[in-house]
Each structure stands twice: as structure tokens, then as C-alpha cells.
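Here is the structure we will look at, set down as C-alpha cells.
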Amino acid sequence: MFLNPVAKSTTVLLSASLASTIGVVQIEVSLDDPTILGGPSATWALLSSATAMVGTATVALSALYTVLGPVGGVRLNSSTVTASSATFTLKALQSVTA
């Protein structure tokens, strides 16, 4: 999801519900401004190596991160989800003050 690239801080919440499955998901951020027409494509980087989540039974997981700087976009990168019963929710809250 694209965000306001001039906001001073961004809080990102990831929640996951995994039922009898194995899944790994990571939060990626982009510092590029999505409002520039004809600008460069977004470059994505891992928010934290600790955002990978793995579950093998019915479990709910969550991670909360606050970035004290401009963020132009945030997305999920998931792999090794072995069943369709995995649900991931990503939310972002931005502030104009740090």
C-alpha cells in the first residue's frame, strides 16, 4: 500500500492467523515517493529480519513496528504458505509529527 511520503512517522501492524499450516511473511518498506509521475520504480527493503513468522498449528501472531522517518509504501512478502487457511492483515498509521 502506498503511504504519505512526507509523514514523520509510520506505525505498521501485521497480524496473522494460521490454522494447521506453515507460513512465513515479512514486512517490506519503500522510501520512494509514489506521487512522482514517471519517477523510478519503488525499491523495497526488509523492515526487520524479526518480522518473519512461522506457525505450525492454530495460532494468531502479530508484530508492531514504528518507523521514525518518511515511508512511501509498505507491503507483505510471503512464502512457504502451505495451506489457504492463512490470513494476513497489514495496517499502517501515519503521523505528521514524530
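The values are calculated or read from the model by the stated rules, or taken from the named source; none is laboratory data. Quick caveat: nothing in here was measured; it's all calculated off a predicted structure. Heads up, the Cβs are rebuilt from the backbone with ideal geometry, glycines too, and the neighbour counts pull from every protein chain shown.
In table form, for the structure just shown:
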read-out: Within the stretch 19-35, considering residues that are at pLDDT 80 or above and not in a strand (DSSP E or B), the one surrounded by the most Cβ atoms within 10 Å (Cβ to Cβ); value: Asp32
read-out: Among (1) at pLDDT 85 or above; (2) in a strand (DSSP E or B); (3) of a type outside the set (D, E, K, R), the one test that Val6 misses; value: (2)
read-out: Residues of the stretch 45-68 satisfying the condition of being crowded, with 16+ Cβ neighbours inside 10 Å and at pLDDT 65 or above; value: Leu47, Ala63, Tyr65, Val67
